[in-house]
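**Student:** Starting off with a structure, shown below.
The values are calculated or read from the model by the stated rules, or taken from the named source; none is laboratory data. All of these numbers come straight from a predicted model, not from anything done at the bench. No Cβ is skipped: glycine too gets one built from the backbone with ideal geometry, and neighbour counts run over all protein chains shown.
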Amino acid sequence: MSSIADNLGSVTRRIQKATLQAGREPDSVGLLAVSKTRPAGELRAAVAEGQLAFGENYLQEALEKMAELADLTGIDWHFIGPLQSNKTRQIASAFSWVHSVDRLKVARRLSEQRDTGLPPLNICLQVNINNEQSKSGCQPEDLPELVHEISQLPRLTLRGLMAIPDPEQAEPELRASFGKLADTLNTLRADYPEAGPLDTLSMGMSGDLEIAIAEGATWVRVGTAVFGERSPKS
């Protein structure tokens, strides 16, 4: 079985190769290690190898890991799961990024509940890029109004867009989905220069990160390729 150190090295090389092939700057793509359901000890091993950005889907599980790893410095916690209104207060306090904002109500709560002593909370708008009924995310046509409204909220920094395209798509369709998200971000950046940096595309996972990077990803969210297959639930 490969170690987390070996896996991180392998994924990093994949990212570097894909970035080079896309003609992009060497450090333009970040690795977000998706650590949902993984024990704190595995995250500690990843931190020892220099991995500091972790993506969590479940609030309570994440808070427990944060407490276990409180002796470590520099960890960058990203919330990437569905957002429930009754959990925004803790998310606003504990995380530095939220990738899964899909409606104005949630953004307002995150803004109101972000401690004024903390830096602004980085957020991405989750887009249902393939119009899947089972997926969270706003529709692309709703983005202009969302961007306009959210850009006026204090204690938030609107960084960009996130999507989870249909994994059953063939490569050309998957590439088109990633490209559509990138084109959408470029349009928003041109139309709303006051909205924030709009410099982030959170897209691509273990099996398709090369395609996502070719289409402009700045964060790739990788779980299995870093930590290995998850154990089946008992």
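**Student:** Can you name the residue in the stretch 185-217 that is hydroxyl-bearing (Ser, Thr, Tyr) and surrounded by fewer than 21 Cβ atoms within 10 Å (Cβ to Cβ) and is also nearest to Asp166 (Cα to Cα) among such residues?
**Tutor:** Ser206
**Student:** With respect to Glu194, is the statement that it is in contact (Cβ under 8 Å) with a residue 12 or more places away in the chain and over 19 Å from the mean Cα position of the chain (by Cα) true?
**Tutor:** yes
**Student:** Now for a different question. How many residues are outside any helix (DSSP H, G or I), at pLDDT 95 or above and crowded, with 20+ Cβ neighbours inside 10 Å if we restrict to the stretch 103-136?
**Tutor:** Qualifying residue count for the region: 8.
**Student:** Something else about it: Could you say whether any residue in the stretch 219-231 is surrounded by fewer than 16 Cβ atoms within 10 Å (Cβ to Cβ) and on the phi > 0 side of the Ramachandran plot?
**Tutor:** Yes, because at least one residue in the stretch 219-231 is surrounded by fewer than 16 Cβ atoms within 10 Å (Cβ to Cβ) and on the phi > 0 side of the Ramachandran plot.
**Student:** From Leu143, Leu161, grab the single residue that is in contact (Cβ under 8 Å) with a residue 12 or more places away in the chain and within 14 Å of the chain's Cα centre (by Cα).
**Tutor:** Among Leu143, Leu161, only Leu161 is in contact (Cβ under 8 Å) with a residue 12 or more places away in the chain and within 14 Å of the chain's Cα centre (by Cα).
**Student:** Considering only the stretch 1-80, give the helices (runs of 4 or more DSSP H) lying wholly within it that have at least 3 residues that are out of contact with any Phe, Trp or Tyr (no Cβ under 9 Å at 6 or more places or on another chain) and either closer than 24 Å to Ile164 by Cβ or modelled with pLDDT under 95 (or both).
**Tutor:** Helices (runs of 4 or more DSSP H) meeting the threshold: 4-21, 59-68.
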